[in-house]
Amino acid sequence: MKLLQLPPAELRRQLAGAGIWLRTGPFSLKLQSRIPRVAEGLAELYGQFEVRSAHEAFADFHVSVNPPTNLRRWLRPQVSFSFDGMRPFKPLPRDQAFPMLEWGLNWCVSTQAHHFLIIHAAVVEKNGLAAILPAPPGSGKSTLTAGLVLSGWRLLSDELTLISRKTGLIQPLPRPVSLKNQSIEVIRQFDPNAYINRASHDTIKGTVAHMRPPRDSVLRQHEPARPGWVIFPQWQAGAPATLSPRSQAQTFMFLAQNAFNYSQLGVDGFRVGTALIDQAECYDFRYGQLREAVAAFDRLAERRLS
Amino acid sequence: MKSTSRDLLACTLRSPDAISRFSSSEWDILVRQARAAGLLARLAHHFHQHGLTATIPDVARWHFDAAKTLADKQRTAVCWELQQIRAALADLDGPLIVLKGAAYVAAGLPAAEGRLFNDIDILVPREYLPQAESSLMLAGWHATGLSEYDKRYYRRWMHEIPPMQHIQRETVIDVHHAILPDTARYHPDSAKLRSRAVAVEGLPGVHVLAAEDRILHSATHLFHDGELPHGLRDLTDLDLLLRDAAVDHDFWPRLAARAGELQLSRPLFYALRYLRYFLDTPIPAGMMAGLASAAPNRATLALMDGIFKRVLAPAHASCADAFTPAARLGAFIRAHWLRMPPQLLIPHLLHKAFVSPYPRAPKPA
């Protein structure tokens, strides 16, 4: 059953009790939280995802987001993320409960799922080919990703590019798209129908909100994609949308450095990474206007089709 | 939850064939306990050896594959790191002895399979410590971010200098001059340990302890450690070391004699007792009878059973009962009690309780 079929009160009750079982991409979660903001975030953003009752026997990650049991809670309400009893992060203000869940899930995947080569990059797909968008924070990567998936590209992930070590294909992990600071308003204006949840302020990344992943991307979350492009976006005020080719070797080095587990995979990391680069066209991409950027991406996709 | 789920991981290590009858919820618990215990990769290897890899259900398989990937990588990294350490210490006049996990890798022992590492432990004679430390510093290792109190404490009382971390690779070396602190109840003579060290093939200048000494060191370490985050993993190390060494027909008497000589019969007694309890390690009956004189009195033993049967279990909620927190505290106090006399212990614990939690410079998140 889908999460949206659970009445909100029932979702809150199950979540606060034994928890719910939820599938995102190749991973199953058992998720428990007594915090209403978490239930609210799930109801708003995870409606299309498959849920089962907590009696479901097996889950990859058992996670919870709850108030820590220290004296601080009386002074300043906080929230703490737990991965099956492990607490990899310091508690955060209660207001950041939902972003903390998202960051925590990313942490689980990037520190455990070594059956993939995991690159720190957004990834979107059209006509069966995936565009990998690795870029440092502040480059406009999330904004571009949100713009593309609101314009017919399929969201594979906004943060974690999972490359199967067996097949070399990209495994989707479509979860809510994280938007920061000005991007929130840019995307609201780009598409007034996009659903963006309540923002959390003063996080380490500034103001953070999440955009609901497109329904089609969630429904097709088990359908892998072939690597087509590696594109480094850079937003620059007033810049026309320009793609300029870059060296495959340099791009490979960048991906290796920005992979979460390249060195952990040893020789296999090199094999999977080079096989990916061999199939991909590599570009630097400068843009000032989101609509122009989307049009440039659409032209790329059409060219590979013909 | 079925009552067996508490010791599911230990049961599985004892009789891996049982996995062919496991339900999904048993696989769920097994993966979680094994992850908490740091034993996922070793369990994967165990299944492989028993021809059971195909029995792992698809949903659980990647957890084992991923852990094995990490363990393989760490093993390669440890080999490489050992060469770096050997190069850094090429001018050391004394012998360089590698201890614990890195030694198992260097010596190609079964105990290296599926093992994860936090650091590399080496043993050098005390008089060569300053030379070893400065050579390592020149090669890029430096003292980690300990408080001044901790650094002083290490140098004054411990059997090792503060851990050193490599500035680029971030690997950590613990440089020891003995296997127990100077202040501990037992004083195994480091010179005796060094005298029987064995050269490692393929790594000239690098030595490991003799088979019995390796086992005694591992047992001593385990039963003097206050935190035991990976107690069961360390027991499986011992299990693998013992099964490997016991191929020699006179191994067990040699082990008992050596334990007596090094004043380590008590830790050996505990190790064998809990190896039998958790892992069914084959130990000759005569061996336990021979160690009876090293056993504590009956009341102490009952208390130790209460503690160790809990703290050596995986640190996972499914393995805990109402007494687990008390048992962990008990193990912590016992370890400190064994490691230093009360006139040192009490000020140290007070400092740890009231001064250390409030450092002047807050640590970054």
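Would you say residue A:188 is charged (D, E, K, R), outside the structural domain of residue A:41 (by TED's automatic domain parsing), farther than 19 Å from residue A:280 by Cα and not in a loop (DSSP other than H, G, I, E, B)? When the stated conditions are applied, residue A:188 passes them.
Among all positions in the stretch A:129-143, there is at least one residue which is under 11 Å from the mean Cα position of the chain (by Cα), under 25 Å from residue A:288 (Cβ atoms) and in the same structural domain as residue A:207 (by TED's automatic domain parsing).
As a summary of the residue check, residue A:226 satisfies the conditions (1) surrounded by 21 or more Cβ atoms within 10 Å (Cβ to Cβ); (2) at pLDDT 95 or above except for the one numbered (1). Among residues of the stretch B:41-82 being in a helix (DSSP H, G or I) and small (Gly, Ala, Ser), the one that is farthest from the other protein chains (Cβ to nearest Cβ) is B:54.
Checking B:158, B:164 one by one, the residue that is modelled with pLDDT under 85, under 19 Å from the mean Cα position of the chain (by Cα) and aliphatic (A, V, I, L, M) is B:158 and no other. Restricting the first member to the stretch B:5-16 and to residues that are in contact (Cβ under 8 Å) with a residue 24 or more places away in the chain, and the second to residues that are surrounded by fewer than 17 Cβ atoms within 10 Å (Cβ to Cβ) and charged (D, E, K, R), the beta-carbon pairs closer than 8 Å and six or more apart or on different chains are B:6/B:321; B:14/B:280. Selection over the stretch A:50-71 of residues that are farther than 15 Å from residue A:11 by Cα and within 11 Å of chain B (Cβ to nearest Cβ) gives a count of 7. Taking the stretch B:27-40 as the range and being farther than 17 Å from residue A:113 by Cβ, out of contact with any His (no Cβ under 6 Å at 6 or more places or on another chain) and more than 8 Å from every other protein chain (Cβ to nearest Cβ) as the test, the residues that pass are B:29, B:30, B:37, B:39.
Put simply, of A:95, A:84 the only residue that is more than 13 Å from chain B (Cβ to nearest Cβ), more than 26 Å from residue A:132 (Cα to Cα) and acidic (Asp, Glu) is A:95.
Scanning for something in contact (Cβ under 8 Å) with a residue 60 or more places away in the chain and either within 14 Å of chain A (Cβ to nearest Cβ) or surrounded by fewer than 20 Cβ atoms within 10 Å (Cβ to Cβ) (or both), does the stretch B:19-26 turn up at least one residue? No, the stretch B:19-26 contains no residue that is in contact (Cβ under 8 Å) with a residue 60 or more places away in the chain and either within 14 Å of chain A (Cβ to nearest Cβ) or surrounded by fewer than 20 Cβ atoms within 10 Å (Cβ to Cβ) (or both).
Within the set B:225, B:244, B:239, B:213, the sole residue that is among the acidic types (Asp, Glu), under 23 Å from residue B:309 (Cα atoms) and modelled with pLDDT of 95 or more turns out to be B:239.
The values are calculated or read from the model by the stated rules, or taken from the named source; none is laboratory data. Since this is a predicted model, take the numbers as computed values, not measurements. Don't worry about glycine lacking a Cβ; one is built from the backbone with ideal geometry, like all the others, and counts go over all protein chains shown.
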